[in-house]
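The values are calculated or read from the model by the stated rules, or taken from the named source; none is laboratory data. None of these values were measured; they are calculated from a predicted model. Quick reminder, even Gly has a Cβ in these numbers, built from the backbone with ideal geometry, and neighbours come from all protein chains shown. What goes into the accessible areas is simple: the full protein's heavy atoms, side chains included, and nothing from ligands, DNA or RNA. Shrake-Rupley method; radii C 1.70, N 1.55, O 1.52, S 1.80 Å.
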Amino acid sequence: MSGPATAVGAWVTVCSVGPAGSPVVVRTVPLPPGACPGPSGCRHAPGPFPCDVHLRVAAEGTGHSRLRELADVLVSRVPLPPGAARLRALALLARHPGCRTVAVPVRAATPVVGVRDRTGAVRWVRPLTAGGAPPSPHLAGSLAHAWLTRYGTPDAAGRASGGHSRRSRASRRAASSGFSVR
């Protein structure tokens with residue numbers, strides 16, 4: 001189990017160590033085979049926001065259904081065209097009601113990331129990177145989950161790209177963090 005592409009699951013910690021829009025620290029600890037130990041603590045100086053610790057699990061595979069039932073973030077390993085990726089994300093969220101974030105790779109494009117808000121509605125988050133390269137589905141799903149944990153709703157990010165003339169502080173944070181919601 002050498003990395004996120006081959007590991008069944010991992011504890012992921014996303015920590016902000018500066019003001020909104022600053023880089024974040026992402027720490028991934030792959031789960032050992034046949035076990036699900038608890039997450040370890042943060043190893044950095046406290047930042048202005050609490051860290052988000054979540055369980056990220058592969059959406060496909062046999063023998064790991066219990067981990068998928070506990071997952072905060074599910075990541076599909078199969079690249080699909082955009083429309084099929086959205087359908088896959090919807091199916092995964094429907095099958096796993098406790099999961100809040102799903103990421104599905106799209107061939108040669110930004111992954112599809114579906115997030116469930118507090119009402120159960122699904123929103124589509126499009127993570128962006130400063131360099132223009134699409135983030136991996138693993139990173140995109142974890143960052144979207146950390147955003148939802150910190151700010152509570154995808155709507156705060158959605159207003160950043162929704163064309164509203166008045167922008168809240170949360171909307172400005174969303175835009176500076178590189179998120180848009182559709």
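Structural remarks
Per-residue answers, yes or no, for (1) within 11 Å of the chain's Cα centre (by Cα); (2) more than 20 Å from VAL26 (Cα to Cα):
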| site | (1), (2) |
| --- | --- |
| CYS51 | no, no |
| GLU69 | no, yes |
| ALA85 | no, yes |
| LEU90 | no, yes |
| VAL102 | yes, no |
| VAL106 | no, yes |
| ALA109 | no, yes |
| VAL113 | yes, no |
| HIS145 | yes, no |
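- Within segment 89-101, being touching a residue at least 24 places away in the same chain (Cβ under 8 Å) and in a helix (DSSP H, G or I) holds for ALA89, LEU90, LEU92, LEU93.
- Some residue of segment 172-181 being farther than 17 Å from VAL57 by Cβ, modelled with pLDDT of 70 or more, open to solvent by 20 Å² or more (accessible area, probe 1.4 Å) and hydrophobic (A, V, I, L, M, F, W, C): no
- Scanning segment 135-143 for any residue that is surrounded by fewer than 18 Cβ atoms within 10 Å (Cβ to Cβ) and either assigned to a loop (DSSP other than H, G, I, E, B) or at pLDDT 70 or above (or both) turns up at least one such residue.
- Per the conditions (1) within 13 Å of the chain's Cα centre (by Cα); (2) open to solvent by 60 Å² or more (accessible area, probe 1.4 Å); (3) at pLDDT below 85, the sole criterion not satisfied by PRO127 is (2).
- Lone qualifier among ARG43, ARG118 - being of a type in the set (D, E, K, R), at pLDDT below 80 and within 17 Å of LEU148 (Cβ to Cβ): ARG118
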